[in-house]
Amino acid sequence: MGCGKLTDEQLDILGEVANISMGTSATALGMMLNQKVDITTPRIEVINRSESLDDYSNICIFVQIHYIKGLEGNNILILKDHDVKCMTDLMMGGDGSNTDGDITEIQLSAASEAMNQMMGSSATSLSSMLGIPVDISTPEVKWIDVESVKIFERMFESNIEKFVKITFRMKIGSLVDSTMVQLYPENFACDMCDKFKESKLQAKDT
């Protein structure tokens, strides 16, 4: 189920929501890594499913977030393999330079904890903006070969073709200057915009 083409107003709302929620996520991640983290400049576009991995080569890390309160559905963060290994090295007491080799189960577990903190902060921020309680389940973190798109296909309903893609610039101290992508179905975006506008109207009436 789509919701028709997203309007400029809806895209502006999504940009505002992304900017604020990822700003709080950056603060949470920075505290975990003991580094200054900036997640800025969201670029928003509506894409076809087939274009989702165009920015990535070889290996990337998929983080699937399920909303269990406030919003219905799920979305995905896509991070570069190197960036996740740098984060997890910092979390385990390293200096962020241990980024060689394949990602391990321990690193995936650490990445899951980092994403849980980040997206938990984002959910709290969304709750405030939308005027409703918002909560997530523990994020699922998967290591994916970009060629293995079937894994991606299973993460969403097969009939969803249009996605909102939000590209963020992510900086971690002097160690990482990279991009992170958030993806969610177009109908999820519409639902979030509707709740945002309802919250603004209620705030005016009080």
For the chain, the helices passing both cut-offs (Cα extent along own axis of 30 Å or more, Kyte-Doolittle mean at least -1.0, full DSSP H runs) are 8-33, 105-130
Asserting the computed 222 nm helical MRE of the chain (DSSP H runs at least 4 long, -39500 (n - 2.57) per run, divided by residue count, to nearest 500) equals -15000 deg cm²/dmol
The answer for the longest stretch of the chain without any exposed trypsin sites (Lys or Arg not before Pro) (DSSP loop, at most 13 further Cβ atoms within 10 Å) is 37-206
Other residues with Cβ under 13 Å from the Cβ of Asp191 give, with Lys and Arg +1 and Asp and Glu -1, a net charge of -2
Restricting to Cα pairs under 8 Å and 6 or more apart, the percent relative contact order of the stretch 8-200 works out to 33 percent
Of all stretches in the chain that avoid GluC sites (Glu not before Pro) placed in a DSSP loop and having at most 16 other Cβ atoms within 10 Å, the longest is 73-146
Treating only Lys and Arg (+1) and Asp and Glu (-1) as charged, each at its beta carbon, one finds that the stretch 8-200 has a dipole about its Cα centre, in Debye to the nearest 20, of 380 debye
Net charge (Lys, Arg +1; Asp, Glu -1) of residues whose beta-carbon lies under 15 Å from that of Leu126, Leu126 excluded, is -2
One point scatterer per Cα, no solvent, Debye formula: log10 I(q)/I(0) for the stretch 57-131 at q = 0.28 Å⁻¹ comes out as -1.32
Under Stokes-Einstein, the chain at 10 °C and 1.306 mPa s, with its Kirkwood radius over C-alpha pairs, diffuses with a coefficient in µm²/s of 91 µm²/s
Taking Lys and Arg as +1 and Asp and Glu as -1, residues besides His66 with C-beta under 11 Å from its C-beta add up to -2
Inter-part gap, Cα centre of the stretch 1-48 to Cα centre of the stretch 75-115, in whole angstrom, is 21 Å
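Taken together, the values in this text are just the output of simple stated rules run on the coordinates, not laboratory data. The shown structure was predicted, so the numbers you read here are calculated from the model rather than taken from an experiment. A quick note on method: Cβ atoms are made from the backbone with ideal geometry, for glycine too, and the neighbour counts reach across all protein chains shown.
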